[in-house]
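Peer 1: Dumping the structure here so I can ask a few things about it.
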Amino acid sequence: MATYGMALDYKNCINCKACEVACKKENGIQLGADKYRIWVGVKEEVGEFPNISIASQTYHPSQCQQCSDAPCQSVCPTNATYYDANGVVRVDYEKCILCTYCMTACPYDARYVDDRTHTVDKCNFCSSSRLAKGDTRTACQTTCPTKVRTFGDIDDPKSEISQLLAKREHFTLKTHLGTKPKLFYLT
């Protein structure tokens, strides 16, 4: 099996929110700021109000970091949070009791309560839709006009993501926590 990850060329992000809309459409997620699997935030602004330059803003796309050592998985009392065969952190909706321990444990604030299923949810790299059908492109990746996202098998040295990570400097968020994220930010 593959081990999936995603590289984000975040400096190319223009904050168009196409990735957020595509994700919500793909997964049937309700619209609204508090219902999300992925999001884009402002990482850095240059200047002081009212003289903040839009051209100097850096946008920061984010989502579940797909940690290799996920704190959300280790605190789940029912094993609803689990790793699938591809190393993707998933949620078994039948087992989720909405205790929200996983939400508290996630250092990336990447989980939310889905009012439709009455479970905690998160990004799953389109595992139950696209990957299940053999499509190795996520909805957020395919819709991005500036090609911010590259998704693929990080264990395959011939994959686009592996080649990208081999030639570009990159970092992960909150490395001091030892979660070993599989979401990489390109510099």
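The values are calculated or read from the model by the stated rules, or taken from the named source; none is laboratory data. All figures in this text were calculated on a predicted structure; none of them were measured in a lab. Because the Cβ atoms are built from the backbone with ideal geometry, glycine has one as well, and the counts that use them run over all protein chains shown.
Peer 1: Filter segment 115-143 down to the residues that are surrounded by 15 or more Cβ atoms within 10 Å (Cβ to Cβ) and aliphatic (A, V, I, L, M), then identify the one that is nearest to residue 104 (Cα to Cα).
Peer 2: Selected residue: 120.
Peer 1: If you don't mind, another one. Output the residues belonging to segment 33-50 that are loosely packed, with under 15 Cβ neighbours inside 10 Å, at pLDDT 65 or above and part of a loop (DSSP other than H, G, I, E, B). Break it down into steps so the answer makes sense when it comes.
Peer 2: Initial filter on segment 33-50 (loosely packed, with under 15 Cβ neighbours inside 10 Å): 33-34, 41-42, 44-50.
Checking the rest, the ones that are also at pLDDT 65 or above come to 34, 41-42, 48-50.
Within segment 33-50, 34, 48, 49, 50 meet the criteria.
Peer 1: Between a first residue in segment 68-96 that is closer than 15 Å to residue 179 by Cα and at pLDDT below 95 and a second residue that is of a type outside the set (Val, Ile, Thr) and crowded, with 19+ Cβ neighbours inside 10 Å, which pairs have beta carbons less than 7 Å apart while being 6 or more apart in sequence or on different chains?
Peer 2: Short answer, once both residue conditions are applied: 87/4.
Peer 1: Turning to a different aspect of this structure: Pairs needed: first member in segment 1-18, at negative phi and loosely packed, with under 15 Cβ neighbours inside 10 Å; second member anywhere, assigned to a strand (DSSP E or B) and among the hydroxyl-bearing types (Ser, Thr, Tyr); C-beta distance under 8 Å; at least 6 residues apart or different chains.
Peer 2: Listed by first residue and then by second, the contacts come to 11/58; 14/59.
Peer 1: Now for a different question. Residue 169 is checked against (1) touching a strand residue (DSSP E or B) at 6+ places or on another chain (Cβ under 9 Å); (2) surrounded by 13 or more Cβ atoms within 10 Å (Cβ to Cβ); (3) more than 30 Å from residue 76 (Cα to Cα) and fails just one. What number does that condition carry?
Peer 2: Here residue 169 meets the rest and fails (2).
Peer 1: Is it the case that some residue within segment 20-32 is at positive phi and modelled with pLDDT of 90 or more? Spell out how you get there, then give the answer.
Peer 2: Applying the first criterion (at positive phi) to segment 20-32 yields 28, 32.
Adding the requirement that they be modelled with pLDDT of 90 or more leaves none.
The answer is no, given that none of the residues of segment 20-32 is at positive phi and modelled with pLDDT of 90 or more.
Peer 1: Same structure again: Which of the numbered conditions does residue 113 fail, given that it passes all the others? Conditions: (1) modelled with pLDDT under 95; (2) within 16 Å of residue 63 (Cα to Cα); (3) in contact with a Lys or Arg (Cβ under 8 Å, 6 or more places away or on another chain).
Peer 2: (3)
Peer 1: Here's something else I'd like to know. Check segment 83-100 and report whether any residue there is assigned to a helix (DSSP H, G or I) and not β-branched (Val, Ile, Thr). Steps first, answer last, please.
Peer 2: At the first step, the residues of segment 83-100 found to be assigned to a helix (DSSP H, G or I) are none.
Looking through segment 83-100, none of the residues is assigned to a helix (DSSP H, G or I) and not β-branched (Val, Ile, Thr).
Peer 1: Then there's this: Could you check segment 58-82 and list, in sequence order, the residues that are more than 16 Å from residue 8 (Cβ to Cβ) and buried (at least 17 other Cβ atoms within 10 Å of the Cβ)?
Peer 2: Across segment 58-82, the qualifying residues are 70, 71, 72, 73, 76, 80, 81.
Peer 1: Which is out of contact with any helix residue (DSSP H, G or I) (no Cβ under 8 Å at 6 or more places or on another chain) and among the acidic types (Asp, Glu), of 115, 153? Before you say what the answer is, go through the steps one by one.
Peer 2: Working: 153 fails: out of contact with any helix residue (DSSP H, G or I) (no Cβ under 8 Å at 6 or more places or on another chain).
Of 115, 153, the one residue that is out of contact with any helix residue (DSSP H, G or I) (no Cβ under 8 Å at 6 or more places or on another chain) and among the acidic types (Asp, Glu) is 115.
Yes/no per residue for (1) in a loop (DSSP other than H, G, I, E, B); (2) touching a Lys or Arg at 6+ places or on another chain (Cβ under 7 Å):
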site	(1), (2)
78	yes, yes
102	no, yes
109	yes, no
152	no, no
163	no, no
166	no, no
176	no, no
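Peer 1: Given the condition in contact with an Asp or Glu (Cβ under 7 Å, 6 or more places away or on another chain) and under 21 Å from residue 79 (Cβ atoms), answer yes or no: does some residue in segment 140-162 qualify?
Peer 2: no
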